[in-house]
Amino acid sequence: MIATFAETNRHPFDFAESEPELVGGFHTEYSSMRFALFFLGEYMAMTVMACLTTTLFLGGPSVPFLPHAHWALGFLAFLVKTSFFLFLFLWVRWTLPRFRFDQLMRLGWKVALPLALLNLVAPGVAVSW
């Protein structure tokens, strides 16, 4: 989830825009259709990442406890799971403050990188053991 928020430049990782400090960031330079297309692209990236997260981590259209569900029920389950992640994007934006840049670097280098390396080494050790 941290990588998803960072990849889509969403709220605790929105250093590219810095909207609160720059009176809307670079959004002030766009108007009407360019502004709409910019935000359409941003929200489509959120939707794609929510769909990808649903597919990779929540089983996509599979319905729990119903192995052979109708395709419409699977589609509905996929929409519900994706909607959960889209709501999570909004919820995090509403509740968490934005990181300072030094906090982001500490999170990336001292927390995320060691966890990623542990996630890479631990299964290899477990399989070889």
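Karplus couplings for segment 39-49 from phi (6.51 cos²θ - 1.76 cosθ + 1.60, θ = phi - 60°), rounded to Hz, Gly and Pro as x?
Each residue's phi maps through the Karplus curve to give 6, 4, x, 5, 6, 5, 5, 4, 5, 5, 5 Hz.
Would you calculate, for the chain, the mean residue ellipticity at 222 nm contributed by helices, counting each DSSP H stretch of 4 or more residues as -39,500 (n - 2.57) and dividing by all residues, to the nearest 500?
Details: 5 runs with 79 residues, N = 129.
Value at 222 nm, helices only, nearest 500: -20500 deg cm²/dmol.
Pairs of Cα atoms under 8 Å, at least six residues apart: use those to get the relative contact order of segment 2-98, whole percent.
The value is 35 percent.
Determine the equivalent ellipsoid of segment 2-98 by diagonalising the alpha-carbon gyration tensor, then write out the semi-axes as square roots of 5 times the eigenvalues, largest first, rounded to whole Å.
Values: eigenvalues 205, 45, 17 Å².
In descending order, the three semi-axes are 32, 15, 9 Å.
When the chain is treated as a GNM, springs tying every alpha-carbon pair under 10 Å, which of F101, F84, F57 comes out with the largest mean-square fluctuation?
Highest fluctuation among the options: F57.
For the chain, set up a GNM with springs between Cα atoms under 10 Å and report which of A36, A77, A45 has the largest fluctuation.
Per the Cα network of the chain with a 10 Å cutoff, A36 tops the list.
Which of rounded, prolate or oblate describes segment 52-129 when judged by the alpha-carbon gyration tensor and an a/c cut-off of 1.5? Walk me through the intermediate numbers first.
On the way: a/c = 4.90, a/b = 1.33, b/c = 3.70.
Taking the square roots of the gyration eigenvalues as a ≥ b ≥ c, segment 52-129 is oblate.
Values quoted throughout were computed directly from the atomic coordinates according to the rules given, and no laboratory measurement underlies them. Keep in mind it's a predicted model, so treat the numbers as computed, not measured.
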